[in-house]
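> Let me begin by handing over the structure; questions about it come next.
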Amino acid sequence: MLALADGNLSINRLRKATERKPSDLGLFVLSACGTARQDLDVEGFSLTLLRGGVRSVVSSLWETLDVSAPTFFRIFYETCQAFESPRSIAIALREAQISLNEYYRDQAINTGMSQAAHWAPYVVITGRIG
């Protein structure tokens with residue numbers, strides 16, 4: 001379940017909504033913690049969105065860190081050339097991961113703290129290549 005400003009969104013509610021009116025979005029970002037996990041429902045939010053017509057979904061495999069998520073997505077959105085292209089989305093995601101990995105690797109020299117949670121939890125899920 002996702003908590004939204006106007007109420008909760010369950011996978012079942014999302015599935016019903018996209019069955020009634022399929023989406024034509026190029027990209028849907030689920031930046032909350034663990035949105036790519038499918039352990040509670042075989043389908044999960046990402047696959048439900050793809051089946052509902054969304055071309056690509058960016059979601060997270062595990063908990064994300066509030067301190068680094070805004071920077072990650074700033075780099076991602078600045079780098080992405082075409083939000084309707086899965087390839088462009090994947091390239092932008094990779095660039096954001098590399099940038100934050102390098103930044104936190106450099107920080108670890110001074111702080112001793114380098115966590116993959118800063119840069120690695122996000123994935124692109126798509127049913128289309130190109």
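> Could you please give the count of residues in the stretch 43-59 that are among the hydroxyl-bearing types (Ser, Thr, Tyr) and out of contact with any helix residue (DSSP H, G or I) (no Cβ under 9 Å at 6 or more places or on another chain)? Break it down into steps so the answer makes sense when it comes.
Kept after step one, since they are among the hydroxyl-bearing types (Ser, Thr, Tyr), are these residues of the stretch 43-59: 46, 48, 56, 59.
Among the residues that remain, those that are also out of contact with any helix residue (DSSP H, G or I) (no Cβ under 9 Å at 6 or more places or on another chain) are: 46.
Total satisfying the criteria: 1.
> Could I ask something else about it? Six or more apart or on different chains, Cβ atoms under 6 Å: show the pairs whose first residue is in the stretch 11-32 and in contact (Cβ under 8 Å) with a residue 24 or more places away in the chain and whose second is small (Gly, Ala, Ser) and open to solvent by less than 90 Å² (accessible area, probe 1.4 Å).
Filtered contacts from the stretch 11-32: 18/52; 22/52; 22/53; 23/52; 23/53; 24/53; 27/56; 30/59.
> Answer yes or no: is there a residue in the stretch 63-74 that is at pLDDT below 90, open to solvent by 90 Å² or more (accessible area, probe 1.4 Å) and touching a helix residue (DSSP H, G or I) at 6+ places or on another chain (Cβ under 7 Å).
Checked against the condition, which is being at pLDDT below 90, open to solvent by 90 Å² or more (accessible area, probe 1.4 Å) and touching a helix residue (DSSP H, G or I) at 6+ places or on another chain (Cβ under 7 Å), the stretch 63-74 yields at least one hit.
> Considering only the stretch 11-24, state which residues are closer than 30 Å to residue 67 by Cα and either surrounded by fewer than 14 Cβ atoms within 10 Å (Cβ to Cβ) or at pLDDT 85 or above (or both).
In the first step, residues of the stretch 11-24 are kept if they are closer than 30 Å to residue 67 by Cα; the result is 11, 14.
Listed by number, the list holds a single entry, 14.
> On the basis of being β-branched (Val, Ile, Thr) and either at pLDDT 85 or above or open to solvent by 60 Å² or more (accessible area, probe 1.4 Å) (or both), does residue 35 make the cut?
Numbers: β-branched (Val, Ile, Thr): yes; either at pLDDT 85 or above or open to solvent by 60 Å² or more (accessible area, probe 1.4 Å) (or both): no.
The answer is no for residue 35.
> Can you tell me which residue is surrounded by the fewest Cβ atoms within 10 Å (Cβ to Cβ) among those in the stretch 48-62 that are within 24 Å of residue 115 (Cα to Cα) and aliphatic (A, V, I, L, M)?
Step one: of the stretch 48-62, the residues within 24 Å of residue 115 (Cα to Cα) are 57-62.
Okay, now just the ones that are also aliphatic (A, V, I, L, M), so 57-58, 61.
Values: 57: 26, 58: 25, 61: 14.
For the stretch 48-62, the residue satisfying everything is 61.
> Has the stretch 41-58 got any residue that is without any contact (Cβ under 8 Å) to a residue 12 or more places away in the chain and not hydroxyl-bearing (Ser, Thr, Tyr)?
Checked against the condition, which is being without any contact (Cβ under 8 Å) to a residue 12 or more places away in the chain and not hydroxyl-bearing (Ser, Thr, Tyr), the stretch 41-58 yields at least one hit.
> Hey, another quick one. What residue, among those in the stretch 81-108 that are touching a Leu at 6+ places or on another chain (Cβ under 8 Å) and of a type in the set (A, V, I, L, M, F, W, C), is surrounded by the fewest Cβ atoms within 10 Å (Cβ to Cβ)?
Going through the stretch 81-108, the residues touching a Leu at 6+ places or on another chain (Cβ under 8 Å) turn out to be 83-84, 89.
In the following step, the residues that additionally are of a type in the set (A, V, I, L, M, F, W, C) were identified as 83, 89.
Numbers: 83: 15, 89: 25.
Among them, the one singled out is 83.
The values are calculated or read from the model by the stated rules, or taken from the named source; none is laboratory data. Note that the structure is a prediction, hence the values are computed from the model and not measured. Cβ: placed from backbone, ideal geometry, glycine included. Neighbour counts: every protein chain shown. Surface areas here come from the heavy atoms of the whole protein model, side chains and all, with no ligands, DNA or RNA. Shrake-Rupley method; radii C 1.70, N 1.55, O 1.52, S 1.80 Å.
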